[in-house]
Structure formats: structure tokens, C-alpha cells
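The values are calculated or read from the model by the stated rules, or taken from the named source; none is laboratory data. Model, not experiment: these values are computed from the prediction. Ideal geometry is used to build each Cβ from the backbone, glycine not excepted, and the neighbour counts take in all protein chains shown. These accessible areas exclude ligands, DNA and RNA; they are computed on the full protein's heavy atoms, side chains included. Shrake-Rupley method; radii C 1.70, N 1.55, O 1.52, S 1.80 Å.
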Amino acid sequence: MDCLELNIHQRILSDLASSPGGTEDDILHAQTLIAAKVHTRSGDAQEQELGAEREVEMADLRVFMSTSRVHCNIAFGELVINFPESHINNNIDVLMPVLTDILNDVPFIDFDKCLSWLDWSLPDQLVYSTVCALLRLSGSHPQYTEKATTAICFFLSQTVQQIRTSDSISILTQSIPAVHGLYRAISSTSFAWTVDQWGEVAARMNELCSPTIVDRLNHLLVEILQNEDADGDSLHFVQTFVSRYVTQETQWTILAQALVPPQPTTSVAITEAAAANRAWLSLMRTAPIPRSIDDQGIVNILKNTVLYAMQCFTDLSVQIDEMETEPSIDTYAWETMSESLKLASVCSVALQDLDAKLFSRLQLLLSEESSISDNLVQEAALKATTVLVQSESFPEIASTMAIHLRRFVTSPLPIFEFAFASESRAPPPLVAAAKCLAHCIRLAPGDDLIMSNMYSLLNYIAAASKDTYKGAVDLPVNNVSIYDSRDYVASQLVETGLRGLSEDEKRLVSISTISVVTRLALEFDTEEVTRLTISMLLQRLRHAEPTVEAAIAYNLVDLALSAPESAFADIIRVFSLINRSANPDDPRFSNNMVLAAQTRLAQELYKRPELYDIYLAELLNLFADKGVAIQNLKIANHEVKTDDMIEQLASLLLPIDALLAHEDFSPQMGASTGVVSLFRNMWFLCVLFHFTSDKDKADNAMNWLKPALSRIAMKTPSMVLEERHDSVASDVEYNSVIRQEYAHTVR
């Protein structure tokens, strides 16, 4: 295979490694094909003949390795990851030494200047596959964890040494990509690290961040360009070699898994950054068990790491403040600041000592006074706060942060705003703010804090949207007052606090608070809170201007999916009322808004299949009512234009189609007389208004209609029963949805 084109060569090896086979013979065959070409310095016969003194002399020299050899070493790591557990158990004593030798050799390999790779360079891929394999094997065989940790620490130490002594091109194209491969492996592979192991790795990682190393890295490109001996090919290779690397996430991923060990898993598939994501979610959901750290060296490393992370954040913040524009995406400034906050918070949890600078920085970021409004940094600050509040070491901050975050989410900040008709999910900062606030409210000492905070936030919605839209008719819902007698004074303070805001800012406060209140109700997941939130939003729905109305409708969909059946019925009934009589401020926007909400609810109702029939009956009744209303209007005034109304009636087929599209919903089977009648009325109206005819084929805007009707027809129950042939004519003639006076005018 060595003569194959390089990309094909690597693809074949990767395919062999990913599917070693089901039988022991297949596994041994795959292992023979790949392992036979694995190359390490310890396995080199010439290297073994060298004496001890000669080995010391050669230790710092790089040994050239061809691209095909590197491919084989990469494939070996991928193969080990996919070995069945039984094969690993029988061969662990052979596999571990080979993997550690491969990793130990990486700092001393002179990689071929090859650009035939897609995502990551060869040093990156080699370290990634090898470390993933090491962590997988030692994770299932704890007796080898120290050997794996030692190999990783040796790799880091030697890489730091190479950065100090090697030429700039080798550092840029070999050493740094290799470190990035380690970062990807650790952040992607779950492993039960200990605090001591974290200390060993962190000490080596911190060497990479020392001033001398950072200064060397910052001047690499300058040194390469100023090097008089550099040839054109080398400069072109460096110019083509584009890569960026960060190391902060590696440290907090290890420490987070030490604080909350990952659950054992039988899956061997490795997903990019999966371990980092799982570790962070575990810290946000589960309070880590307090661990006393007796080793003062580990304590010092933790404290120094917090100081370094916060200094890194501060330095970047100062530089960004001095810039006239946002930092380029290639600088990874926002990502580095986010990881710094996470690292400092995890170290504080491990130390059981909250760093004062970290806490004050988090409070500043989560306020209206923050100079940083980047979504990634704001979300990281909220997640870091959640981890700190979740920890049993800092119970006193829950109450403080609950009040602080309540002010934060009711500030006129654009990070919580989104297009309710087009977005498929809430903005990440909004979700993070709601989750963090929910944790703070739950963990804060006191009675009935959930309802008290909900009433306080609901007061903001009422005060911010008060008298915005007058003349609307109150909607018939189960009224629950949004003002609790205990919160009367609070509601007055809310109105006072909003007086200095412009109408646009009040609107923004309404939209963000509506969204946060909805997320809180979903987080608390109690019937009392859900009913209160739904009732409040329904009361405000027609007392708000169109954009706030759209925000309420969008969020009511999320609440409907978790609401009791009676509250669900209230929501869909109100949607129908709005569809019948659009907001006079902007009728087209209002109709489109509620139609989008009805369609999204239909699409996501698979989460509540027991409500299919209720929603279908509501939509079909609405279709019939709107069809009758159009006929009555035309009968009363023959000159009136009804084209827009007919188009809106046709659009109501969208949520009906979306609801009937669910595979587990079959209303055509065993339908009741009432359901058959509703479907019959719908089809009568479709024929009456020419939805089923071909005369509008040129209207591209309605191209969706015929396919939708075809799908609806497949789920329509039989409308003519064999024993009722004689009554069909009378059903048509005396049907309540067809007005004879209108029907006679239709051609």
C-alpha cells in the first residue's frame, strides 16, 4: 500500500482500523496489516545497537519519519480504540507499551512536510489517536493509569524543551499541532482523572504558558520571515499551514472529570470535545463531592492556575477595550476568555475557596455595565456561575446571584432577543441565564422563593407592556392575577425602574423577560408555576404590540408542550381566537405570527401524542369557522375583496398538514362521527374556494398547497359510508359550512 496516493493510503488504513471485524481471526488480520508497519524508536534495530551514552547524545535529535509510516502509527491508535474488550484484556500488556512508545517518540520525530490532510496535520492526528487509545485502555484497566499519565507528562515536557531549542518552522508545523492533538484527545475522551494526575498534567501545561514560551510562540512567524536562510518552498509551506491552538480547555476538562468522575460507557465512538461537554454538564447538574487536598503542591498549582486564568482574561479584556473594532475570529480571543472563566471556576470548586476577583468579574459580566457583550463570553460566565452555585462549598452566593441575575435578565440587553417566527431554538445566553437563575432560586435559603421570583418577573412583563396596545378584547382564559398581594410594593418598584427606559427598551425588556420566565417555568417543571406562567402570558397576549405578541406566542408553544391538558386547551383556543381576529396594528404580521406558532406546535406535538386529537379538532373547527366567515362577509357586501382572507384560510392547512405528518397519528383509522364531519367540512371548503383546482398553477407562492392536500388526504377518514349512500346528497345540500347564497356565485 505504500505506493498508493497518500490520501487513499490513509483512508484504507482508517477503514481497516474502524472495522477490525467480528471474529478473532479478523481482528488479528487487521492488527497484522497495521501493527506490522508501526514504527518506534525503541523498535528500531539500529537504535537498539546504540550504547547508553550514544542514546543520550541522540535524545534531542529529531528522526525523520515518512508520511506513510506516520499513517500506520495513526491507524494503530484508531485500531486499538475499536478493539473489542475481550481482545484488549488478552493483549493489554503488549498494546500499552507500544502506545506509550509512539507517544514518547512524537517530540523527536521530524515529520515529512506534507499538506495532504483535511482537518488536522499529521502530528496532530498522531497524538490524538494515540492518546485516545491510551485513555481508553487505561480507563478500563486502572492499573495502567499512571503509565498513561506519565507518558502524557513526558510528551509535554519534551515538547516544551523542543519549543525552547528547535527552529521556528519545526515548532510551528510540528510541536504546536502535536499539542493541539493532545487537547483534542483529552477534551474528547472521558477518563476518571484524579486530582494528583491533574496536578501533574497542569504543571506541564503551565510550562507551555510561561512568559518565555509564549514570547517564543508569538515571534515564530516573524523569525521565519526574517530568516535569511529560509527558502521559497519553506515559506510557501508555512504560509499554507494554517492552524490555531488553545490549551485552557484541556486543564478544566481534566479537573472537572476529577471532581465529578464520568459514568462508565460501553461506546467506543469518540466525538470531538465530547468529554469536555459531558464533564461540564456533569458539573452543572451534580454538586461535586468536596475533596480535601492534602498535597500543598497541588493546592499551589490550583491557586496559580486561577491567577493565570484571571490574568489572561484581564489582559485580553484590556486589549479589546483599546481596539476600535471587534477582534478577528482568527485570534480566538472570545474563546480564550471563555475558557479562562471556566478554568478559574473549576479550580475554585476544587480548592473550595471562591476567588474574589473571579466572583466580581462574573458579577460585572452579568450586568448592564459590562463592556463585553459577546454571546460566547456571556454564556461562559453564566455557566461558570452555575458551577459555583451548584458547589456545596459556596452556599452563601445563591441568594446574592438570584437577585443579581434577576436584574440582569430584566435589563434592555440585545443578547436575549431573537426572531421568534424563524428561530428553531432559544439563544444560548438566554437558556444559560434561565438555568443559572433557576439553580440560584432553588439553592437560596427561604420559603416559597420560586413563586416569589416568578411573580416579580411577571410584574416586569405587565409593567413594561402596560397600555402599549389599547382597545383589544380580553381573551377568555382561566384568570390568575399576575399581581400577588405580597408583591404589590415590588410591582410599584418595577414600574418606577422602567420609567427611564425608552419604548424600544421597554419592548426589549418585555421580550427578554417573557423568554426567561418561560425557560424558568420549564426548568422548575411544576404544575403551579406552569399554570401561572401560561395564564399571565395569555392575559398579556392581546394587550401588547405585535413584536411582544409574537414573543408571547412563540414561548407559549414551549409551555404548551409541558402544560396540563386544560392549560394546553386554553393555549390552542387563544391561538384560534387570534387567527380569527388579527391585531389591528399589523394584521398580516399578527396572522403570520400565530400561524407560525400553530405550525411549530403541530410539528413538535410528537412529544405529547395524547393531545393529537384535541389539537386536530381545534384546527379543523377553526378552518370551518374562517371559511364560513369569508362567505358571510361576501354575502353582506358583494364588493368586498376576500383574496387575502382566502389566502389566510389556505395557510391554515400548514399546521393541519404538520400535525397529520406524525407517523404515530392515524385519524383515518376508526374515526368517530364528529371527526369525519370535521374532515368533510374541511374538504367542502377546499373545493368551494378552489384549493383543489388547477387554475392557479402559475401562482408560485401557492405551490406548496397541492402536496399538502395530498398528504392530508392520505390521513383523511372515509367520508361516505356504504350504508349511508342516500344521505350524501342531503349532507352536501344542508351542510352548515356552505352558504347557498355564496355557493351559487362560485364558478
### Message
Quick check: pseudo-label points 7 Å beyond the Cα along Cα→Cβ at Thr692 and Asp625, how many nm apart are they?
### Response
2.5 nm
### Task
Pairs to check: Lys634/Lys706; Lys357/Lys435; Lys147/Lys357. Give those whose C-alpha atoms are more than 29 Å from each other in this structure.
Lys147/Lys357
### Query
What do you reckon, how do Met719, Met310 stack up by accessible area (1.4 Å probe), largest on top?
Met719, Met310
### Task
Grab the beta carbon distance between Asn90 and Asp295, set R0 = 35 Å, and tell me the FRET efficiency rounded to 0.05.
0.45
### Summary
Of the accessible area of the stretch 532-665, computed with a 1.4 Å probe and all protein chains kept, carbon and sulfur make up a percent value of 51 percent
### Task
May I have the extent of the alpha carbons of the stretch 538-667 along their three principal axes, as whole Å values ordered from largest to smallest?
46, 34, 20
### Stretch gain in nm, segment Phe589-Ser140, where the contour uses 0.36 nm per residue and the Cα spacing is subtracted
155.8 nm
### Summary
Taking Ile738, Ile578, Ile614 and ranking on accessible area (1.4 Å, protein atoms only), highest first, one gets Ile614, Ile738, Ile578
### Summary
tail above 17 Å in the computed P(r) of the stretch 131-198, as % of all Cα-Cα pairs, reads 45 percent
### Query
Out of every Cα pair in the stretch 336-401, what percent are spaced more than 17 Å from each other?
33 percent
### Task
Using the heavy atoms of the protein chains and a 1.4 angstrom probe, tell me the accessible area per residue for the stretch 296-418 in square angstrom.
43 Å²
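Can you put Phe191, Phe154 in order of accessible area, largest first, using a 1.4 Å probe? Walk me through the numbers on the way to the answer.
Values: Phe191 5, Phe154 80 Å².
Listed by decreasing accessible area, they come as Phe154, Phe191.
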#### Entry: Kirkwood-Stokes translational diffusion coefficient of the stretch 81-213, alpha-carbon pairs, 10 °C, 1.306 mPa s, µm²/s
104 µm²/s
### Query
Points 7 angstrom from Cα along the Cβ direction at Ile213 and Glu528: gap in nanometres?
5.5 nm
